[in-house]
1. If you take the beta carbon distance between residue B:75 and residue B:106 as r and set R0 to 41 Å, what does 1/(1 + (r/R0)^6) give as a FRET efficiency, to the nearest 0.05?
2. Can you work out which chain B residue has the shortest Cβ-to-axis distance for the rotation that carries B onto A, and give it in Å?
3. So the label point goes 7 Å from the Cα of residue B:54 along Cα→C-beta, right? Which residues of region A:87-124 then have their backbone N under 18 Å from it?
4. Shielding of B:1-7 by partners, i.e. mean partner chain Cβ atoms within 10 Å per residue?
5. Looking only at other chains, what is the average number of their beta-carbon atoms within 10 angstrom of each beta-carbon in B:20-27?
6. Need one value for A:106-118: mean number of C-beta atoms belonging to other chains within 10 Å of its residues' C-beta atoms.
7. Determine the gain in length on full extension of the stretch residue A:41-residue A:21; use 0.36 nm per residue of separation and subtract their C-alpha separation, reporting nm with one decimal.
8. So for the pair residue A:114, residue A:68, with labels modelled 7 Å out along Cα→Cβ, what separation do we get in nm?
């Protein structure tokens, strides 16, 4: 159903979009195991390249993503998840979306407000 | 400004989203050259992994993407483009979005209508 073999490590990009607002929240990676777990549990599960293991989004912060719908692209090698983001913030830096900086001229401008303080959420 | 070195080949994922409707249209790849050209011209330019060269989206079909805004994620290794899609269809298969199939049960279901016939557009 999905082509996991196009990129090294059997990883494909997975885009999470807010099911209600359409805001693009983040992009992460899935392997077959993460994809299967996501389908089985209805919660977004990615593959963490830095940690080299399954990343059950929200397992530390509580900010899980309830998956409403999943789509695949024409090449069956990219996933689009429509999710309900618990806690309202997908980004570990405290923003609703990881895309909180805009490219302007030769620099980046923060264009969103922080919804939580990362230190308070991750320092448990 | 952008970290192009995390993936082999200096490529990063670039997500194109319709600036007006919020629909996620496609995911493609950019290297530094594609990113710089996109900024310079205001039209989406990707890197085609299959063809091994710059892919000026719409160069064959005429369905160019006018870039309204660009964002980067927290890890500065993924791009989000908000675009105006000329012709209304981003997908080479004739759909508005490349994500025209939904994951349902153990299969995929087409959930969108074709806006053009690929044979008519690409057989020039």
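1. With a Förster radius of 41 Å, E is 0.80.
2. B:22, 2
3. none
4. On the way: counts 5, 2, 0, 0, 0, 2, 4.
Per residue, the average neighbour count from other chains is 2.
5. Whole-number average of other-chain Cβ neighbours for B:20-27 is 4.
6. Values: counts 2, 1, 6, 1, 0, 2, 1, 0, 0, 0, 0, 0, 0.
That average works out to 1.
7. Details: separation 20, 0.36 × 20 = 7.20 nm, distance 2.30 nm.
Once the chain is fully extended between residue A:41 and residue A:21, it gains 4.9 nm.
8. 2.9
None of the figures in this text is laboratory data; all of them are computed from the coordinates on show. Since the model is a prediction, treat every value here as computed from it, not as a measurement. As a convention, Cβ positions derive from the backbone with ideal geometry for all residues, glycine included, and neighbour counts pool all protein chains shown.
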